[in-house]
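Working notes, beginning with the structure itself.
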Amino acid sequence: MASSTTFSAWVCTFLAAGAFSSAANAQSFSDNTTDIPQGNPGNNSRTENIDFGDVDLDGDWDAVFADGGDADQDQNRIWINQGPGANLGRFNDETAARFPSVNDQSRDIEFVDFDNDSDLDLYISNTSAILAQTNRWWRNTGVGNGSYVDETTSRWVGLGSANSSLAPSQLLVSGGFIDFSCDCDFGDLDNDGDMDLFHSSYGGIFGGQVPSRIYLNDGAGFFSEFNPSGFKLAGQLINNGNPGLWCEGNQQSDTNNSTGTNCDIASSALDIDIGDIDGDFDLDVLHGARQEEPRLFQNRLEENGGTLSFRDITGSAFPPGHASGNGHYEQEMGDLDGDGDLDIYGLNWSAGFGFTDLTLRNDGSGTYTNLTTLAGSSSDDNEGDFFDYDNDGDLDLYVANFSGTDRLYRNNNNGGANFSFTLVGGLPASGSTALDADCCDVDGDGDYDVFVGNDFGARNYFFENQTTANDVHAPYIPNLEQAPDRAAGAAPTVVRAQVYDNAPYYITWYNPTTLSYTVDGGAATVVPMMSSGGQIFRAEIPGALTGTISYFVTSSDEYGNTGTSANRQYVAGGGGAPGTAFCFGDGTGSVCPCNNFGGSGAGCQNSTGGGATISGSGSNSIGAGTLVLSATGLVPGQPGLYFQGNNAINSGNGNSFGDGLRCAGQSVVRLQVAFSSGAGTSSTSINIASKGGVSAGQTRRYQIWYRDPSLSPCVTGFNLSNGYEVVWIP
């Protein structure tokens, strides 16, 4: 490991500059040049952006880099972590073997599983500053432990069509469309279980007149524009008075209207953030703007009964003067005070006063107050990331500086009612033009390290965290969606939860997170939750369940720290029984022995004067395990046997069997013996799905055989109920 500037030297340097107030809070990082590629070609580009993900599914963090930036057409790069094992935290440049050979002017690179096949694909944001080009889709083939193919031409759907806002002049023959994109983000905007794309543009020469757009995923990774307005631009730019494409109202630059009359979807956006800012579990959009005011768009999916729409609420959500001047390159959202909502850090937002960084506190409803400036933030910064560098449980801040040394801020919250940041030392000397910093425990030692991407061909940095503390803080799940009471049916019950941790949000996305549910207090079923982007995770509970469904969420970080939500419940009923009765001894089709018809909906007559009826309650879900078979009209005090058969005998008309009809047959499984009560009733108390050995999608038939020694004149000593048919689901 390379030597680094000592901690004490940095304390002196920063004290001399008046940069921080508390040396006791400082933390040491080392400049590790040994464990990452150096020199040409692996580490000598203009790196605009970094992202971490497990490309090859071997359990460690790999890194990808968007290269080219403002001035070059260059090859994006991938560094593969050589762990697990002794080489964990050492990286090799494997670009030639894993990436398509494409030179472009990239400003952002995002990991996303856009085709829902459980590996990480890539989306690359490019700018047409040098030559006309589009953003690109690279699919992880899963072959060769994580390699990529370019599928840009096929993943865009319907560009320039009647539903597209793109003018034909903006389409490229090679696929995609001309754009100036610096950052795009993914999230399940319409709550359908796949990742959609929010695509921003800053416009040519940072003009800020090219609109941001939304592209919805069809579930298989093909993206078409969400443009409910139906409006098509005449060229590249959107004009004031034009419809807001995906947003309520008409386009109006710098509008403060928050009622849906106007919106501003075209500004010099260099950064986009997605998260639930108002606690309704759908994903809102914090929209950056280099020289205009950054904007906030409220997702109104819940307000509109499941119909996707957005409203520009900038004027009502932010205090007056929340941003000024030029140079608002970036912003971040995170729960800085641990109260279960997303606060904001605005980089250079007060640019009119010397590039001052700000923080704003969420009041819980998506309104931001308590605008506070960060001490020592008067230099031109480019990007910030939240991470818990000192493992005290709150989110600290790393700032990549465009014009000098990067900065580290310590969050003083520690479980308090508010948050504040103190500038601390402990970073190695850099002096490069930093464009991005991403934080991740790449060496698996229990703390968060930093990769820094630099401009002008300078090497990228691996700043290794030298703390001896480990992360012992569990994720927390303060908000879990309350599912409404419902009628049972085919549609699942969708449940979402907010999951927070003392880690970068793009690391928390990969936390193993599950939802556990029970039906009427029965055995628990566990289903995985998938990240929807932002702080939201999503799961589905089978819609066919009936009864009281209780559920809670559990999330674990990479160190095994586990957090659990509160319990919630809803009631499902009125959707019909979990099965269907058939094969009746009522004389309408089934012929009982001695014509002893038992009445409507029942089996053949017994000594009580009527017939026995079998029915079901609970759920036909195998996972729920709550199906109960019950019988009425039995002979009191007599034994009975519930049994299962694969088929309905004679198409449900039954065969004579004793004093009744045999309706269920083939591969018979005996389920349970039960004595009837004095009222002639009984029920099962077993897990029928487990006992019967059924699988999802299979149909099974059920009956009860029971003793009846006193029927006259047709006496065999036993009888049967009608039949009951169940189609089993997962």
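The values are calculated or read from the model by the stated rules, or taken from the named source; none is laboratory data. Predicted, not measured: the structure shown is a model, and the values here were computed from it. Using ideal geometry, Cβ is built from the backbone for each residue, glycine included, and neighbour counts are taken over all protein chains shown. Note: areas computed on protein heavy atoms with side chains; ligands, DNA, RNA excluded. Shrake-Rupley method; radii C 1.70, N 1.55, O 1.52, S 1.80 Å.
Observations
- Other residues with beta-carbon under 9 Å from the beta-carbon of PHE355 carry, at +1 per Lys or Arg and -1 per Asp or Glu, a net charge of -3.
- Distant-in-sequence amide H partners of SER324 (H built 1.01 Å from N, under 5 Å): SER350, ALA351, GLY352
- Angle of helix 7-16 to the longest C-alpha principal axis of the chain, folded into 0 to 90 degrees and rounded to 10: 60°.
- Rh by Kirkwood over Cα pairs, then Stokes-Einstein D for the stretch 482-532 at 1.567 mPa s and 4 °C, µm²/s: 98
- Relative pair counts by distance (%), Cα atoms of the stretch 186-249, 10 Å bins: 21, 46, 27, 5
- Karplus-derived HN-Hα couplings along the stretch 524-535 (A = 6.51, B = -1.76, C = 1.60, θ = phi - 60°), whole Hz, x at Gly and Pro: 7, 10, 10, 10, x, 9, 10, 5, 9, x, x, 9
- Working note: Debye formula, equal point scatterers on the alpha-carbon atoms of the stretch 259-368, no solvent; log10 I(q)/I(0) at q = 0.09, 0.10 Å⁻¹ is -0.21, -0.27.
- Carbon + sulfur, % of accessible area of the stretch 100-154 - ligands and nucleic acids excluded, 1.4 Å: 44
- Accessible area of the stretch 532-663 belonging to carbon and sulfur atoms, whole % at 1.4 Å probe: 48
- The stretch 484-602: C-alpha gyration tensor shape, a/c 1.5 cut-off, then a/b vs b/c: prolate
- Shape category assigned to the stretch 642-730 from the gyration tensor of Cα positions, a/c cut at 1.5: oblate
- Dipole magnitude of the stretch 149-198, debye to nearest 20 (Cβ charges: Lys/Arg +1, Asp/Glu -1, about Cα centre): 380
- Under 5 Å, built H, 5+ apart or other chain: amide partners of ASN262: ASN250
- Of ASP280, ASP108, ASP445, the residue with the largest accessible area leads and the full order is ASP445, ASP280, ASP108 (1.4 Å probe).
- Rg [Å, one decimal], Dmax [Å, integer] - the chain, C-alpha atoms: 31.6, 110
- Projected label distance in nm at VAL157 and GLN569, using a 7 Å step from Cα toward the beta-carbon: 4.1
- Summing +1 for each Lys or Arg and -1 for each Asp or Glu among the other residues whose beta-carbon sits under 11 angstrom from that of ARG155 gives -3.
- Residues of the chain: accessible area per residue with a 1.4 Å probe, Å²: 34
- Cα-centre dipole for the stretch 437-528 with unit charges at Cβ (Lys and Arg positive, Asp and Glu negative), debye to 20: 480
- GLN291-VAL149 pseudo-label distance in nm [points 7 Å out on the Cα-to-Cβ vector]: 4.4
- Evaluating 6.51 cos²θ - 1.76 cosθ + 1.60 at θ = phi - 60° for every residue in the stretch 446-456, the Karplus couplings come out as x, 9, 9, 8, 9, 9, 10, x, 10, 8, 6 Hz, glycine and proline recorded as x.
- Taking only protein heavy atoms and a 1.4 Å probe, the accessible area of the stretch 324-388 is 51% carbon and sulfur.
- Inter-part distance where the stretch 371-424 and the stretch 86-152 are each reduced to a Cα centre, Å: 30
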